[in-house]
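The values are calculated or read from the model by the stated rules, or taken from the named source; none is laboratory data. In this text, all values refer to a predicted model and were calculated from it rather than measured experimentally. Note: ideal-geometry Cβ built from the backbone for every residue, glycine included; neighbour counts use all protein chains shown.
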Amino acid sequence: MSSGETQALLSVRNLTVEFTTRYGPVRAVDGISFDVNPNETVGIVGESGCGKTVTGLSLLGLVPSPPGRIVAGEILLQGRDLVSLPEDEMQALRGQEISMIFQEPMTALNPVLTVGSQMVDVLRRHKKLTRRQARASAIEMLAKVGIPAPAKRIDEYPHEMSGGMRQRVMIAMALSCGPKLLIADEPTTALDVTTQAQVLEQIVELQDEFHMAVILVTHDLGVVAETCQRAIVMYCGEIIETAGIESLFDSPRHPYTRGLLDSIPRLREEKRDELPVIPGMVPDLLHLPPGCRFADRCEHATDTCREQRPALKTSQQSAASVACFHPLD
Amino acid sequence: MSAALSDHRESIWGKAFYKFRHDRMGMLGLAVVLLYFIAALGVWLGVWGTGWADVDGPKWAPMSGEYWFGTNIIGEDIFQRSIYSTKTAFEIGLVVAVLSTILGALLGALAGFFSGRWIDAIVLWLMGVLDSIPFYLFVAAVAFALQGNPWAMHVAMVSTFWTTTGRLVRGEVIKLRNFEFVEAARAIGVPQFTIVFRHIIPNTFHILLVQATIVFVAAIKSEVILSFLGLGVQDGVSWGLMISESTLEVLAGFFNNFIAASALLFVLVMAFNMFSDSLQDALDPKKVAAS
Amino acid sequence: MELLQYTLRKLIGGIPLILGVTFISFILMVYYGPDQTFELLGKNATAEQIAEVRAELGYDRPFFVRYGEYLKELATLDFGLSNSTGEPVNAMLARTIPVSLELVTPGFILGNLLGVLLALVAAYHRGRWIDKAIMGFAVVGMSISFLIVIIAFQILLSSSYGLNLFPVRGWNVHSLYSYVMYVTVPTLASVFVALGYNTRFYRAVLVEEMTRDHVRTARAFGISPAKLLYKHILKNSAIPIITRVMFSIPLVVVSGSLLMESYFGIPGVGKVTFDAITSGDQPVLKAVVGLPAVLFVVTLLVTDLLYRVVDPRVSLM
């Protein structure tokens, strides 16, 4: 046993993912580093295009390979570097040690196979089970995610189920082999609000039961607030802030995070004239400024900000970090 | 680089043009096609290829300074005939491509716009009937019905080649019909035919352009076989006629006629295919090309 | 029961199509077709002889009467005797259709099978050199005329200027060995010509399928590439593939056989058809023109049924 410090389950160091486009190479993820501890729920938040989905995909080596590839960095899963892992070992790991669920439940399942056959395939791929055993196990998992009459539904086709139910099936499939880490990429964005709440609740419950860590990738701060213990904020391919949930929402340190929080419409007592928005636009990844990428939209920006890239600095006491020359307090 | 990037247009044509210009295979194809076109133009204007019917050469002369490709079995200059055939090919290709595209656009748009009603049913039925009649039989029948008229082949080709364009346009129009700009036009009282012609059909031009190139190639290739069957070009000469003339010659060991016509045909078709491919690639990124 | 109803409904729905095809074909080939009177009688016929033959051939009756008779013959499959040869039409068909099928089938199967295989390889290695190479060959294949291929293969394989392995023309088939001898060159030619188009189309279908979400899901769960290819990609591509294969049947069987039979002198139904058109032999024409329409409708029906088998989302509506 180590000296009281729990070793991180996942350790990402300097990950950089590049895409070749007609106009030149583009870095969707540019030198990010973060940790995920066992049993922890971490949210990766940011707007569309900030690189959060690509981050999730690269953990499993699923970045679409003709245009994209990991050009630098390490992804350490309990000390094992996934970036340099040969493909067949990577395949053994997917669904078994790390599972991922995606955004669109409508299209994520194979329409010509029954739900059961897809789940059994996954189970038998990673565990030595007979068809009968795998099927029984699948039915059990379906029950666990709250699907009524699982023994019947297991033989249904995806198009015979609602969106919420399909997403639950995805979750069941993802958890069926007992992974240590679940990556959920916008799992509820395509669902209606009520179903959203149910599915999120399910994920939280199951996480507890299965003792997994969860990385929740989303643009929705509300979802993060409800389910995560820690949040990582990304902007333009970089991590600009990480913090515990409460301190992030109470006192965000990066101006961008502050801007995001301010722009959430809230029920208030006093009326406001306008919804605050962050002025300007996300910079074009082909023409990145030399300094801080948020500088031209930030009202606190100075010349230093425009000339040098701020590094992500961790504060000693709180394990929170921020990449800014003039963080807010 | 940033100046060029920041002012390239956002329209489908602007993007397509940019993409196309950088596609080397496509540009090469286009260049070759233009070369052939110039050759055809020259024949049409009487600048060259005029000696295609002169029978004053020796039988089966080999390639020489006087007869660049040699002569065929009755002493005609193969080179002259090959060049003349360029004009024939473009004639057939252009006439059939343009007419069938127009026909396909009109009928397809009509069917799509009035989808579900009797006009649509009739057009679909017509397409089904034409598609299920075997092509060569149809051409033969048309040729006889028109009593050997040299345009019989063109008529037959246009009558059958329009259906694919028609189906594609119909599908696109059905999609477009549901777009809001159509509803908006209707709401301010624009008459239906105007909507179809001024708003909807222009949005199918990218499909029409690609289909026209595909039909051009199909027409040229079909002519070869039709000429072999005796149904094709009646006056003048074409690569198809040259090839069918050569079928006996090759069994006697004389290959010039065959190789000249085949090679020229192949290069034109291949170049056109490459051009067509990059056109498709530029206009619709989901298309076939290897990337 | 439901299946039977569906089948009947589809067949009945195909009737307007059959009517349309027979109508147009009738007009073109039979009504406006060559007048066989003089061919049969020669040049020095008397007026009475002409009138007699014309009546016999039915040229003097009004259009709709003739069309009606035609439909009756089609329905009862009784086409009478050929005007040119006197042979019963049904016997001619019985003799020549099998030959055409024997000629065309190997090429058809091989062309599609190889097309799918090459497409799988190309799609799997999408963007890499082997994909580009396969697609390059496909474009080349698409750019060479069928006639050129036939002639070239004949020179290369059957003539003394080439390998001289196979017979130049004809169809003297009485054993497996002779079958292989006579069918090889035509088959190679038709496979060569079809392969380019097939490979490109199937590759596009497969690539489209490969980029779908559910394939990404399967990969995310560690499913091996081989299983991915079969269970997820190929199976989902079945519908477009089946559609194309089925719809190319009328095209390949009729048009393809026509050209090859003319060139290689093979006594199949394509050649019979062509001769009938050029000579105006009406009984044969009537038979041979109506049948492809029926074939087309049956093809449509079988395609629909196959969809049902392959894709559970398709319902028998």
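Is it fair to say residue A:172 is part of a helix (DSSP H, G or I) and surrounded by 16 or more Cβ atoms within 10 Å (Cβ to Cβ)?
Considered against the rule, which asks whether it is part of a helix (DSSP H, G or I) and surrounded by 16 or more Cβ atoms within 10 Å (Cβ to Cβ), residue A:172 comes out as yes.
Listed by position, the helices (runs of 4 or more DSSP H) contained in segment C:76-170 that have at least 2 residues being out of contact with any Asp or Glu (no Cβ under 6 Å at 6 or more places or on another chain) and away from chain B (no Cβ under 13 Å) are C:89-124. Among the residues of segment C:30-49, is there at least one that is surrounded by 12 or more Cβ atoms within 10 Å (Cβ to Cβ), within 28 Å of the chain's Cα centre (by Cα), at pLDDT below 70 and small (Gly, Ala, Ser)? Yes, the conditions are met somewhere in segment C:30-49. Flag: residue B:216 matches the condition of being closer than 19 Å to residue B:25 by Cβ, more than 10 Å from every other protein chain (Cβ to nearest Cβ) and assigned to a helix (DSSP H, G or I).
If residue B:231 meets every condition in (1) in a loop (DSSP other than H, G, I, E, B); (2) surrounded by fewer than 20 Cβ atoms within 10 Å (Cβ to Cβ); (3) within 11 Å of another protein chain (Cβ to nearest Cβ) apart from one, which number is that one? Every condition holds for residue B:231 apart from (2). Counting the residues of segment B:250-269 that are facing chain C (nearest Cβ under 7 Å) and either in contact with an Asp or Glu (Cβ under 8 Å, 6 or more places away or on another chain) or farther than 14 Å from residue C:146 by Cα (or both) gives 4.
Between A:259, A:291, which is more than 19 Å from the chain's Cα centre (by Cα) and part of a loop (DSSP other than H, G, I, E, B)?
Only one candidate qualifies: A:291.
Each row is one residue, and each column tells you yes or no for (1) touching a residue at least 60 places away in the same chain (Cβ under 8 Å); (2) not aliphatic (A, V, I, L, M).
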site	(1), (2)
C:107	yes, yes
C:133	no, no
C:142	no, no
C:145	no, yes
C:150	yes, no
C:162	no, yes
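Residues that are in a loop (DSSP other than H, G, I, E, B), away from chain C (no Cβ under 12 Å) and either touching a Phe, Trp or Tyr at 6+ places or on another chain (Cβ under 6 Å) or at positive phi (or both) occur in segment A:147-160; there is at least one. A single entry from C:295, C:306, C:285 fulfils the requirement of being crowded, with 19+ Cβ neighbours inside 10 Å, of a type in the set (A, V, I, L, M) and in contact with a helix residue (DSSP H, G or I) (Cβ under 6 Å, 6 or more places away or on another chain): C:285.
Look at (1) under 20 Å from the mean Cα position of the chain (by Cα); (2) among the small types (Gly, Ala, Ser); (3) part of a loop (DSSP other than H, G, I, E, B) and you find that residue A:243 fails only one, number (3). The criterion of at least 3 residues that are more than 27 Å from residue A:293 (Cα to Cα) is met by the following helices (runs of 4 or more DSSP H) wholly inside segment A:1-120: A:87-93, A:105-108. Every test in (1) over 23 Å from the mean Cα position of the chain (by Cα); (2) assigned to a helix (DSSP H, G or I) is passed by residue B:81 save one, and that test is (1).
Of all residues in segment B:238-268 being surrounded by fewer than 23 Cβ atoms within 10 Å (Cβ to Cβ) and of a type in the set (Val, Ile, Thr), which is modelled with the lowest pLDDT? My answer is B:250.
Go through segment C:197-235 and give me each residue that's of a type in the set (Gly, Ala, Ser) and crowded, with 21+ Cβ neighbours inside 10 Å.
C:218, C:220, C:222, listed by residue number.
Residue count for segment A:117-137 under the criterion of being surrounded by 17 or more Cβ atoms within 10 Å (Cβ to Cβ) and either within 13 Å of another protein chain (Cβ to nearest Cβ) or closer than 25 Å to residue A:61 by Cα (or both): the result is 9. Residues of segment C:172-193 that are surrounded by 20 or more Cβ atoms within 10 Å (Cβ to Cβ), among the hydrophobic types (A, V, I, L, M, F, W, C) and more than 13 Å from every other protein chain (Cβ to nearest Cβ): C:183, C:185, C:191.
On the stretch given as segment C:203-260, residues that are more than 12 Å from the chain's Cα centre (by Cα) and of a type in the set (Ser, Thr, Tyr) total 6.
Determine whether segment B:193-208 contains at least one residue that is in contact with a Ser or Thr (Cβ under 9 Å, 6 or more places away or on another chain) and either under 19 Å from residue B:114 (Cβ atoms) or surrounded by 12 or more Cβ atoms within 10 Å (Cβ to Cβ) (or both). Yes - at least one qualifying residue is present in segment B:193-208.
Taken over segment A:100-112, the residue count meeting the criterion of being at the interface with chain C (Cβ under 7 Å from one of its Cβ atoms) and in contact (Cβ under 8 Å) with a residue 24 or more places away in the chain is 8.
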